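Notes for the one structure printed next.
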Amino acid sequence: MSDATEINEPTERLEATQSFLQRAGKMLIGGQWVDSASGKKFKTINPATGDQLAEVAEGDKEDVNRAVAAARGAFENPAWRNMMPTDRERLIRRFIALIEDNIDELSELETLDCGKPIGASRYVDLPLTIDTLYYYAGFSTKLEGDVLPHGCSYTPEDRYFAYTQREPVGVVGMIIPWNFPLLLLSMKLGPALATGCTCVIKPAEDTPLSTLRLAELAQEAGLPDGVINVVPGYGETAGAAIANHPDVDKCAFTGSTEVGKSIVNAASGNLKRLSLELGGKAPNLVLEDADIEAAIAGATMAIYTNQGEICCAGSRLYVHRSIFDQVIEGIVDNASKTKVGPGLNPASEMGPLINQAQLDRVCNYVDGGRSEGAEILVGGGQKSGKGFFYEPTVMVNTKPDMRVVKEEIFGPVLTAMPFDSLDDVIKDANDTIYGLSAGIWTRDVSKAHQVAAQLNAGTVWVNCFHIFDVTQPFGGYKQSGWGREWGRSAVEHYTEVKSVCIKM
Ligand code: NAP
Ligand code: MG
């Protein structure tokens, strides 16, 4: 096992990053960079060191009220509302071009604030963010309605001309978690901007920086004032104020299932539209006939990507008993060779967890599993020294009712279980409150289809894992959420359908 302290955090940072950190203390409301109404600020820290990165304005209910009013004004402003579709598309593309021009700075901010390896920020998060905005920009000019073959049965003598059109849903509150700050925002911002909505964004308290920088770029691109407002702050104050607000038309939330349920309650006040992307506990099934080397590499990546802080992590591994030892040995070997260190150092393959609370949570789960009789083959502890590092961990001898198997740990902890029959493993795989994603490793195409059809999950990967593309709808069954982000259908969540009927 490499020691985190062996890989240091480089002291060099981009000049652009340094300069942004100096001016990150304001929030964007109605085109103005302002202090919070209370004047309060909070610290955002670098999880690789525990050191403060910047002080950020701490928004609460009053700031949310101001931001919602600004978003409402912008929504009704003809400059945005009646913008020619081609102009809207052009404007969003100008915004995207600025993101591309500043990709290194945005990647560095993402890694500094949330810990992930710089290569992941620069070559996964940012390109996917850009692709997402690009894909949806094109919908600005393609929001079509239908002409309906109308015939009213009780007025057969009359003729009607009926059609549908899509209109923007209005002011959208966006509440974002800390694990993929820009990417998860882009999944909401893309369809919102393309359809002519306006928004109030609350980034996670741990990772406000890249969102604030993105908002500067939106302003530079020329998005009208108030189209994008950013209110950093805490979930219980700023987040809850968005979910409760009577003048927010839709809330797009990504986060835990527990908070998702509180958003549902809060949204009932004005029946605001909701999309919810929540937790997961994905089963990853290695069948008897799998390509073993590919399955070992894939299962390793499925759990340790983004330090395991990823909703669709392949955290429950089920391996056919005949190959169990061989597969587990391979994963343990990979885990023990994983270089854990500060994300800014290109040598690091896995970064720190987001904060002390998350580190404590992972420690508690693993210690709990150990005391219930699970065996830890590799890892199982935090790393000494600065920062919130946890070792890549593999647990065996687990039982289906253990908390480590049932609950989302959101850290680099794999539980692995052997299985004998496909029927049994499908039952175990589906024995969860979640249903976000699942994996299957097999060389048998028809078996892959059969098993995929029986897994209750929004995304099923076969002989791959964590393959994401904006064209592919993403979201969960059961308590993993409501609705899908990405893909064509996401646009529907940002529009209302109006049907118009004209007597001819
Ligand atoms: P979280 O605690 O639910 O927080 C998510 C966001 O909600 C943060 O901005 C948070 O603010 C805010 N929030 C907290 N309490 C709130 C409240 N009462 N009302 C309104 N907003 C509130 O989740 P997290 O710990 O940041 O992220 C991890 C979770 O997100 C995991 O369960 C993971 O599976 C899930 N996730 C799901 C997806 C998906 O696509 N399905 C993707 C990524 C993550 P603070 O930052 O101040 O707490
Ligand atoms: Mg941070």
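Each reported figure results from applying straightforward, stated rules to the coordinates on display, with no laboratory input. Owing to the predicted nature of the structure, the values given are computational and were not obtained by experimental measurement. When we count neighbours, we look across all protein chains shown, and the Cβ atoms used for this are built from the backbone with ideal geometry, even at glycine.
Give the whole-number value, in cubic angstrom per residue, of the convex hull volume spanned by the C-alpha atoms of the range 283-469.
Enclosed volume per residue, from the Cα hull, is 114 Å³.
Could you tell me the distance between the Cα centroids of the range 81-141 and the range 257-288, to the nearest Å?
The two parts, judged by their Cα centres, are 25 Å apart.
Residue farthest toward the positive end of the dipole of the chain, with Cβ of Lys/Arg at +1 and Asp/Glu at -1: which of Val147, Gln219, Ser275?
The listed residue farthest towards the positive side: Val147.
Once R0 is set to 22 Å, what does the formula 1/(1 + (r/R0)^6) return for the Cβ-Cβ distance between Asn270 and Ile433, expressed as a FRET efficiency to the nearest 0.05?
Between Asn270 and Ile433 the formula returns 0.20.
Quick check for you: which residues of the range 212-239 have the amide N under 17 Å from the point 7 Å beyond the Cα of Arg94 toward its beta carbon?
Correct set: 215-228.
Could you run the Karplus curve 6.51 cos²θ - 1.76 cosθ + 1.60 with θ = phi - 60° over the range 358-366 and give me ³J(HN,Hα) per residue in whole Hz, x for Gly and Pro?
With the stated coefficients, the range 358-366 comes to 5, 4, 4, 4, 5, 4, 4, 4, 5 Hz.
Mind checking the angle between helix 324-337 and the chain's longest principal axis? C-alpha axes, 0 to 90 degrees, to the nearest 10.
80 degrees
Would you pull out the residues with amide H under 5 Å of Met417's amide H, same chain only if 5 or more places away, H placed 1.01 Å from N?
Under 5 Å from the amide H of Met417: Leu317, Tyr318, Val319.
Scan around Glu496 for amide H atoms under 5 Å from its own, H built in the peptide plane at 1.01 Å from N, and keep only partners 5 or more places away or cross-chain.
Glu167, Val169
When Rg is the radius of gyration of the Cα atoms in the chain and Rh is its Kirkwood radius, what does Rg/Rh come to?
1.00
Got a sec to turn the phi values of the range 37-49 into Karplus ³J(HN,Hα) couplings, 6.51 cos²θ - 1.76 cosθ + 1.60 with θ = phi - 60°, whole Hz, x for Gly and Pro?
4, 7, x, 6, 10, 10, 8, 10, 10, 8, x, 7, 10
Give the residue from Ala416, Gly380, Gly458 lying farthest towards the positive end of the charge dipole for the chain; charges sit on Cβ (+1 for Lys and Arg, -1 for Asp and Glu) and the dipole is referred to the Cα centre.
Farthest towards the positive end: Gly458.
Give a residue-ordered list of calculated ³J(HN,Hα) values for the range 82-88 (Karplus: 6.51 cos²θ - 1.76 cosθ + 1.60, θ = phi - 60°; whole Hz; x for Gly, Pro).
Per residue, the Karplus-derived 3J(HN,Hα) values read 9, 4, 4, x, 5, 5, 4 Hz.
Describe numerically, in nm with one decimal, the distance between label points set 7 Å from Cα along Cα→Cβ at Met504 and at Asp469.
4.2 nm
Just to verify a number: FRET efficiency for Asp87 and Asn8, C-beta to C-beta distance, R0 = 45 Å, to 0.05? Before the final figure, lay out the partial values.
Details: r = 49 Å, r/R0 = 1.08.
According to the calculation, E is roughly 0.40.
Which cross-chain or sequence-distant (5 or more) residues have an amide H under 5 Å from the amide H of Val462, H modelled 1.01 Å from N in plane?
Sorted by chain and number, the residues that satisfy this are Ile440.
Report the Cα-based extents of the range 191-324 along its three principal axes, largest first, to the nearest Å.
Computed over the Cα atoms, the extents are 61, 36, 28 Å.
Quick check: the distance between the Cα centres of the range 310-371 and the range 24-64, to the nearest angstrom?
Between the Cα centres of the range 310-371 and the range 24-64 lies a distance of 32 Å.
Pop a pseudo-label 7 angstrom from the Cα along the beta-carbon direction at both Ala297 and Ala162 and give the gap in nm to one decimal.
5.6 nm
Give the distance, in whole Å, between the Cα centre of the range 455-504 and the Cα centre of the range 425-443.
With the range 455-504 and the range 425-443 each reduced to a Cα centre, they are spaced 20 Å.
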